[in-house]
Amino acid sequence: MKRAISWFLAVLITLSIAIFQFIMGTSYPVITEVNTGKQHLNFELKRSYSGKTDCPVVLPVEDITISGYILYRIYPSTDSLSRINMIREGDRLTANLPIKPPAGKLEYSIILEKDGAVIPVNNGKLTIIRFLGSVPMTILVLQSLFILLAILFSNITGIFAAIGVKTYRGMIYPTVIFLTCVVFILQPIMHKYSLNQSWTSWPLSWEPGDNKILIALIVWFLVMYFNFKKSQRGLVVLASLLSIFILSVPHGFPGSSHDPINIQIIQRNLLSLLQLF
């Protein structure tokens, strides 16, 4: 019974981390609302794109008296903003952002106009969009699966150590194995496809979001070393707790978004996710 409850808690924590990562990740769109004076319009602004053509921007706007345009520039830069007029296609306004090489970024804002009045989308804030290469589905699935398994075994190892289940030391090894496969095999392959770079962690990047899995691997490698000959339950529990914090850091944090991570951002993204069900 004790083991069953432990596994349930480990799975619950793992799913919570996965959901938080999903809603705070750089690929999750900006959800915003616009008040035209007569109605409220909900829009999703893309923050990543992996197509082979220009990035389509589509806004559902049934009111034919509303027009719009997009202002954009390369990110990061201080270039003047370029303009693209949006075209009406039935009940939608559409435009295309010019495609960039893998890892290239643009920042853009959308402006609507109605009866001479200017209506900035998302309060006129610039949204950063990153262009990615196409990654084979097999790599995406394996990468996600191995990360989830690494988090799961990290959690169950810590819980077993905390409640005194003797087999906790054996659970350290799959944690290290899954993290190692992600850091040195799957992640480099995925980044080669998506960013045209095989290695994007330290020393090429110092951002916590780009180094979190590598940091978690180092933590668990040290735990494995110190537990090889002698049981160190407290160290295992500490490593498990640290891993929850480390692996919850959103990818690209802190430099991937204009929006600071706060409770309002989390609530907004979580509510938009719940609307899908």
Would you mind finding the one in SER154, SER134, SER144 that is hydroxyl-bearing (Ser, Thr, Tyr), over 30 Å from ILE244 (Cβ atoms) and out of contact with any strand residue (DSSP E or B) (no Cβ under 6 Å at 6 or more places or on another chain)?
-> SER134
Which residue pairs have Cβ atoms closer than 6 Å, lie 6 or more positions apart in sequence or on different chains, and pair a first residue in the stretch 133-150 that is assigned to a helix (DSSP H, G or I) with a second residue that is crowded, with 17+ Cβ neighbours inside 10 Å and modelled with pLDDT under 90?
-> ILE139/MET190; GLN143/MET190
Only residues that are modelled with pLDDT under 95 and either over 25 Å from LYS52 (Cβ atoms) or of a type in the set (Gly, Ala, Ser) (or both): list them for the stretch 81-110, please.
-> GLY90, ASP91, ALA103, GLY104
Confirm whether PRO98 is more than 20 Å from LEU41 (Cα to Cα) and crowded, with 16+ Cβ neighbours inside 10 Å.
-> no
Go through the stretch 24-78 residue by residue and tally those that are touching a helix residue (DSSP H, G or I) at 6+ places or on another chain (Cβ under 7 Å) and either closer than 15 Å to ILE111 by Cα or part of a strand (DSSP E or B) (or both).
-> 6
Tally of residues being at pLDDT 90 or above and surrounded by 11 or more Cβ atoms within 10 Å (Cβ to Cβ) across the stretch 51-62 = 8
In the stretch 225-246, anything within 20 Å of ASN211 (Cβ to Cβ) and touching a residue at least 12 places away in the same chain (Cβ under 8 Å) is listed as ALA239, SER240, LEU241, LEU242, SER243, ILE244, ILE246
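So that you can scan it fast, the table gives a plain yes or no per residue for (1) closer than 30 Å to LEU149 by Cα; (2) in contact with a Pro (Cβ under 7 Å, 6 or more places away or on another chain); (3) of a type in the set (D, E, K, R):
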| site | (1), (2), (3) |
| --- | --- |
| GLY25 | yes, yes, no |
| THR36 | no, no, no |
| VAL58 | no, no, no |
| TYR69 | no, no, no |
| ARG73 | no, no, yes |
| MET86 | no, no, no |
| ASP91 | no, yes, yes |
| GLU107 | no, no, yes |
| GLU113 | no, no, yes |
Residue count, the stretch 1-37, condition free of Cβ contacts under 8 Å to residues at least 40 places away in the same chain and farther than 23 Å from ILE70 by Cβ, comes to 7
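Determine which member of the set TYR69, TYR75, TYR108 is surrounded by fewer than 17 Cβ atoms within 10 Å (Cβ to Cβ) and either of a type outside the set (S, T, N, Q) or within 28 Å of the chain's Cα centre (by Cα) (or both). First the steps, then the outcome.
On the way: TYR75 fails: surrounded by fewer than 17 Cβ atoms within 10 Å (Cβ to Cβ); TYR108 fails: surrounded by fewer than 17 Cβ atoms within 10 Å (Cβ to Cβ).
Answer to the selection: TYR69.
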For ILE17, which of the numbered conditions (1) more than 20 Å from the chain's Cα centre (by Cα); (2) crowded, with 18+ Cβ neighbours inside 10 Å; (3) in the same structural domain as LEU140 (by TED's automatic domain parsing) fails to hold?
-> (1)
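The values are calculated or read from the model by the stated rules, or taken from the named source; none is laboratory data. All figures in this text were calculated on a predicted structure; none of them were measured in a lab. In this analysis, Cβ positions are derived from the backbone assuming ideal geometry, glycine residues included, and neighbour counts consider all displayed protein chains.
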